[in-house]
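Shown next, in structure tokens, is the structure this report addresses.
The values are calculated or read from the model by the stated rules, or taken from the named source; none is laboratory data. Bear in mind the structure is a predicted one, so any value in this text is a computation, not a measurement. Because the Cβ atoms are built from the backbone with ideal geometry, glycine has one as well, and the counts that use them run over all protein chains shown.
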């Protein structure tokens, strides 16, 4: 397994297909009105950096950093294809997102994930995220689980 992880444009056919697979997976688990997708086109803006994991050149996972005002960055569009799960790839993507957020001086990293995604919860909890109340402008619902991580100098040293 020759994995690479780089910031890439989402406007590539194989990345579009990966994002579509992510959307289908989420819609199978969560009502559409509680799936807070960013489209491929929305991810092309300067507020978002998409990381793509490739295995032998094939896009197999992704995750994005989305910047908000007030020193807050958000983890978005995290996904690993079923064929590559259980190999720590999600943790690798989270580390890249967090490293970029720290490099850019963000104070806090937040995210919303679904209530039926225990594998995602494990990735975030291993990375030091804690559950919290709704973040940003997300509604409080039974379908969402929220996490946050302080990116202060103290947490960077931990």
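Some points to look at:
Table: residues versus (1) out of contact with any helix residue (DSSP H, G or I) (no Cβ under 8 Å at 6 or more places or on another chain); (2) under 22 Å from residue 31 (Cβ atoms).
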site	(1), (2)
88	yes, no
92	yes, no
96	yes, no
101	yes, no
108	yes, no
113	no, yes
123	no, no
134	yes, yes
140	yes, yes
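- None of 104, 112 is surrounded by fewer than 14 Cβ atoms within 10 Å (Cβ to Cβ) and under 13 Å from residue 66 (Cβ atoms) except 104.
- Only one of 86, 63, 70 that is part of a loop (DSSP other than H, G, I, E, B), free of Cβ contacts under 8 Å to residues at least 40 places away in the same chain and within 22 Å of residue 132 (Cβ to Cβ): 70
- Within the range 68-90, one or more residues are over 21 Å from residue 123 (Cα atoms) and either buried (at least 20 other Cβ atoms within 10 Å of the Cβ) or within 16 Å of the chain's Cα centre (by Cα) (or both).
- Which listed residue is exposed (fewer than 15 other Cβ atoms within 10 Å of the Cβ) and at pLDDT 95 or above, from 48, 44: 44
Each row is one residue, and each column tells you yes or no for (1) on the phi > 0 side of the Ramachandran plot; (2) surrounded by 15 or more Cβ atoms within 10 Å (Cβ to Cβ); (3) part of a strand (DSSP E or B); (4) free of Cβ contacts under 8 Å to residues at least 24 places away in the same chain.
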| position | (1), (2), (3), (4) |
| --- | --- |
| 98 | no, yes, no, no |
| 124 | no, yes, no, no |
| 136 | yes, no, no, no |
| 142 | no, no, no, no |
| 149 | no, yes, yes, no |
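- The residue list 50, 26 contains one member that is part of a helix (DSSP H, G or I), touching a residue at least 24 places away in the same chain (Cβ under 8 Å) and within 24 Å of residue 149 (Cβ to Cβ), which is 26.
- Candidates 106, 34: the one that is closer than 26 Å to residue 126 by Cα, at pLDDT below 95 and more than 12 Å from the chain's Cα centre (by Cα) is 34.
- Residue within the range 10-22 that is touching a residue at least 40 places away in the same chain (Cβ under 8 Å), outside any helix (DSSP H, G or I) and touching a helix residue (DSSP H, G or I) at 6+ places or on another chain (Cβ under 7 Å) present: yes
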